[in-house]
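Step one of this worksheet: look at the structure below.
The values are calculated or read from the model by the stated rules, or taken from the named source; none is laboratory data. Predicted model only: the values in this text are computed from it and were never measured. A quick note on method: Cβ atoms are made from the backbone with ideal geometry, for glycine too, and the neighbour counts reach across all protein chains shown.
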Amino acid sequence: MVYFSNGTEGMILDRQCSECPVGEEACPIYAVQQLYNYKQMDKGQKNLREAMTFLIDGKGKCQMREALKRAEGKGAPDQTPIDPKSLPSFLKLEGKS
């Protein structure tokens, strides 16, 4: 997940959340970002950072919102095959990459 170092940077997410039908109060992605935004930068939290990137990408784009837009027919689904080498370490099978 992108790291928001201050409230101004966090406005990227706030703007998306304001347009989302799920709303901040019910959104698990918003909750995770609020709870772990700073903790993901702590030493030893590489897996947390990688996991959070599935929720909000490095550009600050909420993946929940993107999925909802696709479900509503407002965007084409991403047809790019997943490269197994690009998976975060916690998703890789032992001995395979």
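Across the stretch 1-29, which residue is farthest from Lys39 (Cα to Cα) among those that are touching a strand residue (DSSP E or B) at 6+ places or on another chain (Cβ under 9 Å) and modelled with pLDDT of 80 or more?
Filtering first and then ranking leaves Cys20.
In the stretch 34-49, what residues are part of a loop (DSSP other than H, G, I, E, B) and more than 18 Å from Gly60 (Cβ to Cβ)?
Asp42, Lys43, Gly44, Gln45
Can you tell me how many residues in the stretch 50-90 are among the small types (Gly, Ala, Ser), in a helix (DSSP H, G or I) and either at pLDDT 80 or above or touching a Lys or Arg at 6+ places or on another chain (Cβ under 9 Å) (or both)?
Counting residues in the stretch 50-90 that are among the small types (Gly, Ala, Ser), in a helix (DSSP H, G or I) and either at pLDDT 80 or above or touching a Lys or Arg at 6+ places or on another chain (Cβ under 9 Å) (or both) gives 4.
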